[in-house]
Amino acid sequence: MMILRSACETDASSLRAILYKTFESTWLPQISRAAAEAFRQEDRPAHYVAARGLRFHVAVRDDQIAGFVDWEDDFVNALHVHSSYTRTGVGARLMDLAEREIGSSGHALARLETDTFNLGSQAFYAARGYREADRYPDLEWNSGLTTLLLVKPLR
């Protein structure tokens, strides 16, 4: 059974761990050594969770945080699923929640970003009805990556 709920302060360490795991499996092979070192030195997961973690919605399965989604207005900032729970419906359930809430807030579209190298992410979102609206340099990683802006009509 999976439970979706708002994140709470006691979730912080699990949320940071998911972000580090995603970094290592998805981003680390794609970015420069300098970008990876900056990520670690700045402890970006800790800063992100401290700044926005209480806005996250989490999926709990087997008494563990299986994943989380973070959105603001019509923009999905992040969707992360712990590697133990990939392809089990966690990401789909979290996105269902985010899209429902975005739509009920009066937004006609949901927007998000992914990078061109992340083919798994692109396939997941395409299957949900997201389409590419723009592409531009990914300035966050300073590693020559290209970001895709994806949009989905909600009505």
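The numbers here are math on the coordinates, done by the rules we state, and not lab data. Quick caveat, the model's predicted, so the values are computed rather than measured. Methodologically, a virtual Cβ is constructed for each residue, glycine included, from the backbone with ideal geometry; neighbour enumeration extends over all protein chains shown.
Tabulated data
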item: For segment 20-67, the Rg and Dmax computed from alpha carbons only, in angstrom; result: 13.0, 37
item: Among His107, His82, His57: highest mean-square fluctuation, GNM of the chain, C-alpha pairs under 10 Å; result: His107
item: Column: log10 I(q)/I(0), Debye, Cα scatterers of segment 38-98, q = 0.16, 0.17, 0.27 Å⁻¹; result: -0.54, -0.61, -1.14
item: Contour minus Cα-Cα distance for Glu140 and Arg44 (0.36 nm per residue); result: 33.4 nm
item: Footprinting exposure proxy for Arg40, Arg155, Arg33, Arg61 (fewest neighbouring C-beta atoms within 10 Å first); result: Arg155, Arg33, Arg40, Arg61
item: Gaussian network model of the chain, Cα within-10 Å springs - most flexible of Asp70, Asp96, Asp62; result: Asp62
item: Calculated SAXS-style log₁₀ I(q)/I(0) at q = 0.15, 0.20 Å⁻¹ - the chain, Debye, Cα scatterers; result: -0.82, -1.46
